[in-house]
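See structure below.
The values are calculated or read from the model by the stated rules, or taken from the named source; none is laboratory data. Since the structure is predicted, the reported quantities are computational estimates derived from the model, not experimental observations. Methodologically, a virtual Cβ is constructed for each residue, glycine included, from the backbone with ideal geometry; neighbour enumeration extends over all protein chains shown. To get the accessible areas, we keep the full protein, side chains included, count just its heavy atoms, and leave off ligands, DNA and RNA. Shrake-Rupley method; radii C 1.70, N 1.55, O 1.52, S 1.80 Å.
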Amino acid sequence: MDNNGSQDINVPVEGVAGGGTAYGFNDGGFNAEALKRSLDPTQVPTADLVNVWCMPNSINVGSQETPRPLEPINLLAARNERESFQIAMRPKVSWAGSSSSGSVQVQCSDLSSSAGDRLVVGQSLKLRRVVPVLGVPDALVPLDLPVTQLSLLPGETSVIWVSIDVPNGQPPGQYEGEIIVSAMKMDGGCSADLGKHEKDQLCTELKNCLDIMEPIEGKPMDEVVERIKCASSSLRRILFSPSFAEFISTNGSSDMMEEDVVSNLSVRIKLRLTVWEFIIPVTPSLPAVIGVSDTVIEDRFGVEHGSEEWYEKLDLHFKWLLQYRISPYFCRWGESMRVLTYTSPWPADHPKSDEYFSDPRLAAYAVPYRQVIAGDDSREIYLQKEVEILRSKAHWNKAYFYLWDEPLNMEHFDNVRKMASEIYAYAPDARVLTTYYCGPGDAPLAPTPFESFVKVPNLLRPHTQIYCTSEWVLGNREDLVKDIVEELQPANGEEWWTYICLGPSDPHPNWHLGMRGTQQRAVMWRVWKEGGTGFLYWGANCYEKATVPSAEVRFRRGLPPGDGVLYYPGEVFSSSSEPVASLRLERLLSGLQDYEYLKLYESKYGREEAMGLLEKTGVYMGPERYTLEHRPIDVLRGEVYNACRPS
């Protein structure tokens, strides 16, 4: 029997059922005869039971990833930067029962410098389990700290995502710590009583099941079926949680390792982080505006538009997304791709709006063209009040209006111009953003489709200031950028932004599920190289409609898997209401941080030198030529560090 095409089974090991046999799986590197005599993890080194190794954050580590040697982790991070890596674990044998190979305990220490400064576990250092979506590693589910427990499945690689957030004021220096992995013993004794936290979590999970099932009388059959599936999923999650592991596997209990056993038998991952002087700007240099569907939130969480619970949900999503250096806007789609976009659900004179717009982490905010919550004022009076208030604020330079998505014909373009004219009547200095990938199909502006696309600014001027074009149009022709930019008038406040959505497709950079990690990170490398001054993505939570928070997330039909979905509802994975990030969202963040590194280098040595560095290190040459490996990324960041740190 062969695992991963290279690992042979050397001896049968009792207690592992695989494919109807009792053969264990041996990834090599230890004396299996000794394990036949004892599978007590308090007596056997964890390294003899589990392969443990580390992987860069740009690699998709699947369930059949082949083990590699364990090496110390060396990371570089600026202040106000998040750096991350992955820990992979694959059992060699079973020491529990047929349902799993066994459990491991993962324990983290603070990272400390020789000067006594610390990066604290749970604040700066966090762990999340990588959970597959459609078989592809993507969801990052938070784990308990400083100690957590995971069950390992036979013949599968499990992955933990480790992230370190370095605060703005963290003193530069070398920080060291370790992450300890210990196989856990399963014996026949009684388990300890559940702690208060576990009881509370269990109670919440069971209450959620009741909340799902109780209001089904009179509901349509398809909704009843969906609710039954959700309740079943929740009960299964409870049943297979660590609290009941002893009853599901071997009727034994799970005991934490004694300290001396941990020290002698555990696998220790040495971690060193170099924090350098550079501070990633709190306000992103690149406005990355990303849509959040308010209707998806209303449907899944059962909150009524404009209710107190609705405001709370939107507030939670907005604040959570700010950590990813993006500027969220909420959106609601109308007919013919008309779109209502707004960053704050409150009116401009509400203190919460000022709190949102003044937040230095927010690089841009969308102003609604009409009322988000219906009121007594006409649209014209409402619009006038809003812009008069906002124009008096210091943050007005962040404001933009996004009115229509991808106009296709003259009627659409005329509507954009009409709506923009109404705005300019009250705010001549307002910025209107328009996304497009073609000219009007019913009135070509030039002989060829691309030439017509390039001439769109002539059609929209002066009713648009931010011309946001699809990367799909360019294909692999970066030289076409100059044709687009030459049509713009920067002296009159016109900007060129870009966006991705359904396209471009593989091998070009995008955030579709299953794309390579460097391909997802390369989205922002491309933006920097092409010289756009902003970026838009249409949706971060635009999955299929559901009416229960814990319902399975399904990607929208007709779109590539992952398109329009960058995070998941927390309730799908646990009782927590905090959203769950995707690997793709983390790589978006990494790309935005790379953007700041390149901006820093450019500020010191010029754009031509920075462009040369990007290509010389092999990180990014073009939309079809970028690194598939992680090492060039480390080389690029190291070059910026060496060239830009204080002497």
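Would you check if Glu624 is open to solvent by 20 Å² or more (accessible area, probe 1.4 Å), in contact with a strand residue (DSSP E or B) (Cβ under 9 Å, 6 or more places away or on another chain) and either among the β-branched types (Val, Ile, Thr) or modelled with pLDDT of 95 or more (or both)?
The answer is no for Glu624.
Taken over the range 200-219, the criterion of being in contact with a Lys or Arg (Cβ under 8 Å, 6 or more places away or on another chain) and touching a residue at least 24 places away in the same chain (Cβ under 8 Å) is satisfied by Glu205, Ile212.
In the set Gly534, Gly493, only one residue is modelled with pLDDT of 95 or more, out of contact with any Ser or Thr (no Cβ under 7 Å at 6 or more places or on another chain), surrounded by fewer than 21 Cβ atoms within 10 Å (Cβ to Cβ) and small (Gly, Ala, Ser); that residue is Gly493. On the stretch given as the range 265-294, residues that are more than 18 Å from Pro360 (Cβ to Cβ) and not hydrophobic (A, V, I, L, M, F, W, C) total 9.
Please pick out the residue among Gly591, Gly618 that is part of a loop (DSSP other than H, G, I, E, B) and either open to solvent by less than 50 Å² (accessible area, probe 1.4 Å) or in contact with a helix residue (DSSP H, G or I) (Cβ under 6 Å, 6 or more places away or on another chain) (or both).
On the way: Gly591 fails: part of a loop (DSSP other than H, G, I, E, B).
Only one candidate qualifies: Gly618.
For the range 277-289, state whether one or more residues are crowded, with 19+ Cβ neighbours inside 10 Å, in contact with a strand residue (DSSP E or B) (Cβ under 8 Å, 6 or more places away or on another chain), farther than 23 Å from Leu566 by Cβ and not basic (Lys, Arg). Yes, some residue in the range 277-289 is crowded, with 19+ Cβ neighbours inside 10 Å, in contact with a strand residue (DSSP E or B) (Cβ under 8 Å, 6 or more places away or on another chain), farther than 23 Å from Leu566 by Cβ and not basic (Lys, Arg). When Leu140, Leu150, Leu111, Leu119 are checked against the criterion of being under 16 Å from the mean Cα position of the chain (by Cα), open to solvent by less than 10 Å² (accessible area, probe 1.4 Å) and under 22 Å from Asn57 (Cα atoms), a single residue qualifies: Leu140. Answer yes if at least one residue in the range 295-307 is outside any helix (DSSP H, G or I) and closer than 17 Å to Pro360 by Cα, and no otherwise. No - not one qualifying residue is present in the range 295-307. For the condition part of a helix (DSSP H, G or I), modelled with pLDDT under 80, outside the structural domain of Thr148 (by the TED database) and surrounded by 14 or more Cβ atoms within 10 Å (Cβ to Cβ), Arg227 qualifies. Of all residues in the range 130-156, those that are touching a residue at least 40 places away in the same chain (Cβ under 8 Å) have Cβ atoms under 6 Å from Cβ atoms of residues that are in a strand (DSSP E or B) and among the hydroxyl-bearing types (Ser, Thr, Tyr), 6 or more apart or on another chain, in Asp138/Ser582; Ala139/Tyr568; Gln149/Ser103; Ser151/Ser100; Ser151/Ser103; Leu152/Ser158; Leu153/Ser100.
Among what's in the range 422-455 and is part of a loop (DSSP other than H, G, I, E, B) and touching a strand residue (DSSP E or B) at 6+ places or on another chain (Cβ under 8 Å), pick the residue that is least open to solvent (accessible area, probe 1.4 Å). Steps first, please.
Step one: filter the range 422-455 for residues part of a loop (DSSP other than H, G, I, E, B), giving 427-431, 437-448, 455.
Then keep just the ones that are touching a strand residue (DSSP E or B) at 6+ places or on another chain (Cβ under 8 Å); that gives 430-431, 437.
On the way: Ala430: 4, Arg431: 50, Tyr437: 75 Å².
In this case the residue turns out to be Ala430.
Which of the residues spanning the range 124-154 are assigned to a loop (DSSP other than H, G, I, E, B) and in contact with an Asp or Glu (Cβ under 8 Å, 6 or more places away or on another chain)?
Taking the range 124-154 as the starting set, the residues that turn out to be assigned to a loop (DSSP other than H, G, I, E, B) are 124, 134-135, 143-146, 153-154.
Correct list: Ser124 only.
Per-residue answers, yes or no, for (1) open to solvent by 10 Å² or more (accessible area, probe 1.4 Å); (2) part of a loop (DSSP other than H, G, I, E, B); (3) touching a Cys at 6+ places or on another chain (Cβ under 9 Å):
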| site | (1), (2), (3) |
| --- | --- |
| Thr498 | no, no, yes |
| Pro504 | no, yes, no |
| His512 | yes, yes, no |
| Pro549 | yes, yes, yes |
| Arg557 | yes, yes, no |
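If you scan the range 475-499, which residues turn out to be touching a residue at least 60 places away in the same chain (Cβ under 8 Å), farther than 21 Å from Ile290 by Cα and not charged (D, E, K, R)? Hits for the range 475-499 are Gly475, Asn476, Gly493.
Looking only at residues of the range 456-479 that are part of a helix (DSSP H, G or I) and open to solvent by less than 10 Å² (accessible area, probe 1.4 Å), we find that the one that is modelled with the lowest pLDDT is Leu474.
Quick check on my filter: what residues within the range 153-167 are surrounded by fewer than 17 Cβ atoms within 10 Å (Cβ to Cβ) and under 30 Å from Phe278 (Cα atoms)? Write out each step before concluding.
Within the range 153-167, the first condition is being surrounded by fewer than 17 Cβ atoms within 10 Å (Cβ to Cβ), and the residues that meet it are 153, 167.
The one that is surrounded by fewer than 17 Cβ atoms within 10 Å (Cβ to Cβ) and under 30 Å from Phe278 (Cα atoms): Pro167.
Residues checked against (1) buried (at least 17 other Cβ atoms within 10 Å of the Cβ); (2) under 21 Å from Tyr382 (Cβ atoms):
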| site | (1), (2) |
| --- | --- |
| Val296 | yes, no |
| His305 | no, yes |
| Glu309 | no, no |
| Pro328 | yes, no |
| Ser336 | no, no |
| Ala348 | yes, yes |
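When the range 333-376 is filtered for residues that are touching a strand residue (DSSP E or B) at 6+ places or on another chain (Cβ under 8 Å) and among the aliphatic types (A, V, I, L, M), the ones remaining, listed by number, are Met337, Val339, Leu340, Leu362, Ala363, Ala364, Ala366, Val367, Val372.
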